[in-house]
Amino acid sequence: MNTITAEQMRFHLATGQAIPLLPDGIPGPVHHAGRWWLIPEDAHDYQPADDARAAQLDEFARRLAAGTQALQTRTRADHQEER
């Protein structure tokens, strides 16, 4: 099984090659090289998520993106009302 150390993942995040699910990034799930990576409870390195977990993470990422977009839209609307 392929693994990526947290240090290596920090490099991928810093260079824009990976995207964390959550803003804090490490040690949370990270999308890198076309797949989701996470650190299981009993491990120290990132491991690829299985298909079921990857599907869940895709859904979480979609929900977070929709929430972020809604917040940005609302913030812009609030700013325009202030003018």
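The values are calculated or read from the model by the stated rules, or taken from the named source; none is laboratory data. Since the model is a prediction, treat every value here as computed from it, not as a measurement. Here Cβ is always computed from backbone atoms with ideal geometry, including for glycine, and neighbour counts include all displayed protein chains.
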Top-ranked residue of region 6-54 - restricted to ones that are among the β-branched types (Val, Ile, Thr) and either surrounded by 12 or more Cβ atoms within 10 Å (Cβ to Cβ) or under 18 Å from Ala65 (Cα atoms) (or both), ranked as modelled with the lowest pLDDT: Ile26
Residue list for region 55-83, filter: of a type in the set (D, E, K, R) and at pLDDT 90 or above: Asp58, Glu59, Arg62, Arg63
Condition check for Asp24: part of a loop (DSSP other than H, G, I, E, B) and either at negative phi or of a type outside the set (Asp, Glu) (or both): yes
